Amino acid sequence: MNKHLKELVSLSKIDKELDSFAPQIEAARKKVAREEKRVEGVQSQIETLNTQIEESKDKIKTYEEQISALSQQLQEIQKKGSEISTEKEMKALSIEEEIARQKLAFANEEIERLGKTIETKEALLKEAEEELAELKTALEKAQEEAGQELEAIEKEKESLYKAREEIVHQMDQKVLSFYEKIRKWAGNSAVVPVRKQACYGCYLKISDKTYSDVIRSEEIVTCPHCGRILYLEEVEEPAEA
């Protein structure tokens, strides 16, 4: 295998390793994102419950004010009753009293209903707050694990980038440019082995002449079907016992 081809094979292997980190990084970030989403979901639930509780409390205040006003109205009606002289006035006052009492009963019923609603919401709020505490702990753990994983990946990438730079520095720039051009569309399969006389990029069989050129490895040979750079894998001899 000539020098340029050896460099291309080594470079492609390093690039493949570097690119393999992308899904690992994405998986680590997705794990954290999932935990963050769960935390945000419960936080949103807590905010909604707090809002609903405050709204119910405000309504109770409004009804309490109504009760106070209605109680005062009933007292005034009772005072007026002693001063009424006609049956018509008595009937009108009786209707006014009945309406006030109905409103008073409704206000008391609503206060009781809202009180029960608040109790239910507060119980749900307590559960949500406990869940939030657990989720925050899980999030912190996920962030720590992801941080350690990403740090380890960065160290490996740094080592690979260094090895890549050493190869690139020694390479013929025309050969490098040719490789990068193929890599733009072929990605990690810019340089592929030939197995059973087939290109392992497009998996199509190559001609005897092309295969012979690949075996000789005197020049850089590309697949006539897909244009990828071809090489013959070196088979390691088994160690003697």
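Brief remarks on what is shown
- Annotation: amide H of ILE84 has no partner in the under-5 Å range at sequence separation 5 or more or interchain, hydrogens built in the peptide plane.
- Accessible surface of the chain, 1.4 Å probe: 49 percent of it comes from carbon and sulfur atoms.
- For segment 126-184 and segment 39-71, distance of Cα centres in Å: 48 Å
- Of TYR161, TYR200, the residue with the largest accessible area leads and the full order is TYR161, TYR200 (1.4 Å probe).
- Shape analysis of segment 150-192 based on the Cα gyration tensor places the equivalent ellipsoid semi-axes at 23, 15, 7 Å, largest first.
- Accessible area of segment 12-123 divided out per residue, in Å², using a probe of 1.4 angstrom: 71 Å²
- Each DSSP beta bridge with both residues in the chain is either parallel or antiparallel, and the antiparallel ones are about 60%.
- Over 23 Å [Cα-Cα, the chain], rounded percent: 72 percent
- Taking MET90, MET1 and ordering them by how much accessible surface each has at a 1.4 Å probe, largest first, produces MET90, MET1.
- Distance violations [Cα-Cα > 23 Å] among LYS174/LYS209; LYS57/LYS79; LYS13/LYS157; LYS37/LYS116: LYS174/LYS209; LYS57/LYS79; LYS37/LYS116
The values are calculated or read from the model by the stated rules, or taken from the named source; none is laboratory data. Since we're looking at a predicted model, the values are computed, not measured. Note: areas computed on protein heavy atoms with side chains; ligands, DNA, RNA excluded. Shrake-Rupley method; radii C 1.70, N 1.55, O 1.52, S 1.80 Å.
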